[in-house]
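Enquirer: Following this message is one structure expressed as structure tokens.
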Amino acid sequence: MWIRSAGLHGAFVGAHAVLEGAITLRQLKEGPYFRVLRGVYADPSLPRDHLLRCRAAALLLPDGAVLGGRSAAAIYGAPAPDHADPVTVVLPKGMQWRGPAGVRVHRAALPASDRCTVDDLPCTVLRRSVWDVAALESTATAVGVLDAMVHSGTVDVADLHTLLATAAGRRRSQRVRRAFELVDGRSESPPES
């Protein structure tokens, strides 16, 4: 079934819902459902937040692609980007997919050991998510997100040092090192970082 929720109470691919007869094209265009990403709609009772956009993007992902960076970190409980911020998707090297507007695609090596499923969402494992936050975001943003993850106990500062110890020769390792060195977890909000 293309609709990944009971009825139409979650995010769904509009064309699939129409094709299966769960909704008419008129209902899709005139409401009550709202568009989350191109071709993906949602129940109006759902909060319009970044996690909803992650769920919408997950419905469109090609096999092997996963949510990553700040989007994956938000799935693990880190402060989520704003609803309007793009969803970060990690695409294995060599795979071609641009994604709809509102999705930021990052092509990189993506071994099976770096993929998992959390709350029915395909995403990078925690250690990879932490690395990608530091590698893909500005230092200020990365430190704010990572400080919050350390403060909440999702990640330990020692985990960051372990990641750095295995990072020799990895792309963007200097950028990651700079962010990790600034993380202490004592701040209680991103602005304090």
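Enquirer: For the modelled label position 7 Å from the Cα of Asp49 along Cα-to-Cβ, which residues of the stretch 76-106 have backbone nitrogen atoms closer than 14 Å?
Expert: Taking a point 7 Å out along Cα→Cβ of Asp49, the residues of the stretch 76-106 whose backbone N falls under 14 Å are 76-84.
Enquirer: Looking at the stretch 51-117, which trypsin sites (Lys or Arg not before Pro) are DSSP coil and have at most 12 other C-beta atoms within 10 Å of their C-beta? All intermediate terms of the calculation are to be shown ahead of the outcome.
Expert: Numbers: sites: Arg53, Arg55, Arg70, Lys93, Arg98, Arg104, Arg107, Arg115; in loops: Lys93, Arg98.
Counting only loop positions with at most 12 other Cβ atoms within 10 Å, the trypsin sites (Lys or Arg not before Pro) in the stretch 51-117 are Lys93, Arg98.
Enquirer: If you don't mind, another one. Is it possible to state the helix-based mean residue ellipticity at 222 nm for the chain, with each DSSP H run of 4+ residues giving -39500 (n - 2.57), the sum divided by total residues, to the nearest 500 deg cm²/dmol? What is it?
Expert: On the way: 8 runs with 74 residues, N = 193.
Mean residue ellipticity, 222 nm, calculated: -11000 deg cm²/dmol.
Enquirer: What relative contact order, as a whole-number percentage, does the chain give when Cα pairs under 8 Å and 6 or more residues apart are counted?
Expert: Numbers: 301 pairs, mean separation 29.5, N = 193.
Relative contact order of the chain: 15 percent.
Enquirer: Considering amide H positions built from the backbone, and no H for Pro or chain starts, which residues 5 or more places from Arg38, or on another chain, come under 5 Å of its amide H?
Expert: Amide H neighbours of Arg38, under 5 Å, 5+ apart: Ala101.
Enquirer: Pick from Leu19, Leu51, Leu28: which is most flexible by mean-square fluctuation in a GNM of the chain where alpha carbon atoms under 10 Å apart are linked?
Expert: Among Leu19, Leu51, Leu28, the largest mean-square fluctuation in the Gaussian network model of the chain belongs to Leu19.
Enquirer: Would you mind checking which residues have amide H under 5 Å from Ala108's amide H? H placed 1.01 Å from N; only 5 or more apart, or other chain.
Expert: Answer set, sorted by chain and number: Leu91, Lys93.
Enquirer: First measure r as the distance between the Cβ atoms of Asp119 and Arg171, then evaluate 1/(1 + (r/R0)^6) with R0 = 41 Å and state the FRET efficiency to the nearest 0.05. Mind dumping the intermediate values first?
Expert: Working: r = 29 Å, r/R0 = 0.71.
The formula returns an efficiency of 0.90 here.
Enquirer: Taking amide hydrogens as modeled 1.01 Å from N in the peptide plane, which residues meet the under 5 Å criterion relative to Arg115, leaving out close sequence neighbours?
Expert: Amide H to amide H, under 5 Å and 5 or more residues apart or across chains, Arg115 pairs with Val125.
Enquirer: Moving to a separate point now. Helix by helix through the chain, keep the DSSP H runs that span 20 Å or more along the axis on Cα and average at least -0.5 on Kyte-Doolittle, and give those back in order. Display every interim value, and only then the final one.
Expert: Numbers: long enough: none.
Helix filter hits for the chain: none.
Enquirer: A follow-up question, please. Classify the chain from the C-alpha gyration tensor, please: rounded if a/c falls under 1.5, else prolate or oblate depending on whether a/b exceeds b/c.
Expert: prolate
Enquirer: Then there is this: Taking 0.36 nm per intervening residue step and subtracting the Cα-Cα distance, what contour gain separates Trp97 from Ala112 on full extension? Display every interim value, and only then the final one.
Expert: Details: separation 15, 0.36 × 15 = 5.40 nm, distance 1.88 nm.
Taking 0.36 nm per residue and subtracting the Cα distance, the gain is 3.5 nm.
Taken together, the values in this text are just the output of simple stated rules run on the coordinates, not laboratory data. Just so you know, these numbers come straight off a predicted model, no measurement behind them. For neighbour counting, all protein chains shown are included, and Cβ atoms are generated from backbone atoms with ideal geometry for every residue, glycine included.
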